[in-house]
Amino acid sequence: MTERIPCIREGCPNTILPATAARTGGYCMPCKQEMEREAHQRYIEANRRDVDLYEGITDPVEILKIMHTRQDHDPLIRYVAYEHSKEQVYLSLSTEQQALMIDYAMQLIRTGDDDTGKDILVYLVCYHDTSLSTQIPVLLEHEIYYPVILYKSASTQVRDQLLQRVNTDDENRNNLLLMLAYIGDEVVVRQFQQWMQSPPRWADQLHVAPEQYTTEAGWELTNEGQRRDLFIIPSYSLYKVKENEGADDTSIGNSITMLLTSTDICEWCGSQLTTLIDLDVRHPALQDVAWKSERLQVQTCVSCSCYGVVYMEMDSAGEPCWSAHNVMPMGADDLDQDDNVQLAPDAGRQFRIATAPRHAFHASEWAMEPSTSQIGGHPGWVQDADYPNCPCCSSRMRVVGQLDWSEVEEYGDGMYYMFICEPCQMTAVSYQQS
Ligand SMILES: [Zn+2]
Ligand SMILES: [Zn+2]
Ligand SMILES: [Zn+2]
């Protein structure tokens, strides 16, 4: 029997056959592989270079084309990120530059890269409310039915085609209904009303009644058959100031206060409530909101809202108070107060409300990673659209804003949605996560 000999690498307890030792220079196979890996890593580190694809390029259209081009992974290349985000570059586009991006997107779609083409169009529609009425027939030819927001600006001719097709196209009916909801003009509203009054023969193939689809596009059909929008406009971004960028500067009159811990207690879990936003009702974001107090305060239990909707009423002084209508959701009674979110004292002071409004659908496509925290605007639903009903009057509540929790806490995630019922002066907060 051959005698095994020890691996010569220091500290290695393995023994090997002399034949192996002859092949490896005295090392065991795991050590040999480990050393090769380390050598490879050293090689990469010594030879890796930074590549700046944006060097010398100032045209935002060219910059976006690069951003939308997937680079093959090469361990010897480290790509330098562009100094501004994709969202910022899109927002900087002039009308002519937007048109060039549309042409580029359509060219990608014609040559088979539907995914990149669609992405570009979605950014243009969300950030600039760009009309795609000329391009929509081509999208349909290419059997592109999603994201449905692309169809918002369909011509009356396409709208009429879709209204016909929804009766016959079993496979795409879901998306066709959503497209129609996004188009949402008078003819569409009338059609949804007719479907509500006498459900079409295909209605029982859907999970919800046809008229429920409208909420995905941010509106509902009233009992009188009118369109009622479920979000407020204009929309103002809530953005976080960068570190050392005057986060503590209270001298610039900020009409919003955010993320203040209240002295009031959650009746479900016993922890302190949080005022997500406290906004002066004279702020232009609230120009279409009928609120009786001087400030719109949306308060909730940030822990319990993850399990169910938390409603707050306004007392005679206009201050929020826990609503007697709240029904404890499953799971909330298991919450341990000690596990609850402890916000940093300056969490709210890092936020600002933008000085100028942005397009109402800016944050709609949550998965495209826009900046999502906002007052006003169509919500960016992480899951399906879900507007709570007011517990007093049963109407759907309107959304007034949303707060992306990943911006609030280092390891936070999910989105808090804030709602109001103006006749009842109630607020509500719900939560969704991926
Ligand atoms: Zn070894
Ligand atoms: Zn609670
Ligand atoms: Zn109500």
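The values are calculated or read from the model by the stated rules, or taken from the named source; none is laboratory data. Nothing here was measured: the structure is a model prediction, and the numbers come from that model. Reconstructed Cβ throughout: ideal geometry from the backbone, glycine too, with neighbour counts over all protein chains shown. The accessibility values were calculated without ligands, DNA or RNA, using every heavy atom of the protein model including side chains. Shrake-Rupley method; radii C 1.70, N 1.55, O 1.52, S 1.80 Å.
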Segment 204-227: number of residues that are farther than 28 Å from ALA363 by Cα and within 30 Å of the chain's Cα centre (by Cα): 1
Helices (runs of 4 or more DSSP H) wholly inside segment 1-92 containing at least 1 residues that are touching a strand residue (DSSP E or B) at 6+ places or on another chain (Cβ under 6 Å), free of Cβ contacts under 8 Å to residues at least 12 places away in the same chain and within 16 Å of ligand 1 (Cβ to nearest atom): none
What number goes with the only condition from (1) modelled with pLDDT under 95; (2) closer than 19 Å to HIS325 by Cβ that THR300 does not pass? (1)
Which pairs have Cβ atoms under 7 Å, sit 6 or more apart or on different chains, and link a residue in segment 414-434 that is more than 22 Å from MET314 (Cβ to Cβ) and away from ligand 1 (no atom under 16 Å from the Cβ) to one that is open to solvent by 10 Å² or more (accessible area, probe 1.4 Å) and of a type in the set (S, T, N, Q)? GLY414/GLN432; GLY414/GLN433; MET415/GLN432; GLN432/GLN383
I need every pair where a residue in segment 322-334 that is more than 17 Å from THR427 (Cα to Cα) has its Cβ under 9 Å from the Cβ of a residue that is within 16 Å of ligand 3 (Cβ to nearest atom), sequence separation at least 6 or different chains. PRO329/VAL309
So which residues in segment 298-312 are away from ligand 3 (no atom under 16 Å from the Cβ) and either touching a helix residue (DSSP H, G or I) at 6+ places or on another chain (Cβ under 9 Å) or open to solvent by 30 Å² or more (accessible area, probe 1.4 Å) (or both), if there are any at all? CYS301, VAL302, SER303, CYS304, CYS306, TYR307, GLY308
Say we look at segment 227-257 and pick out the residues that are in a strand (DSSP E or B) and either small (Gly, Ala, Ser) or at pLDDT below 95 (or both); which of these is farthest from TYR127 (Cα to Cα)? THR257
Here is a check on your reading of the model: is ASN167 open to solvent by 20 Å² or more (accessible area, probe 1.4 Å), in a loop (DSSP other than H, G, I, E, B), touching a residue at least 12 places away in the same chain (Cβ under 8 Å) and not hydroxyl-bearing (Ser, Thr, Tyr)? yes
Filtered residues of segment 279-297 (kept if closer than 26 Å to ASP333 by Cα and either buried (at least 24 other Cβ atoms within 10 Å of the Cβ) or within 16 Å of ligand 1 (Cβ to nearest atom) (or both)): none
Which ones in segment 60-95 are in contact with a helix residue (DSSP H, G or I) (Cβ under 9 Å, 6 or more places away or on another chain) and open to solvent by 60 Å² or more (accessible area, probe 1.4 Å)? THR69, ARG70, HIS84, LYS86, LEU91, SER92, THR95
Quick check on segment 118-125. Is at least one of its residues at pLDDT below 95 and surrounded by fewer than 20 Cβ atoms within 10 Å (Cβ to Cβ)? no
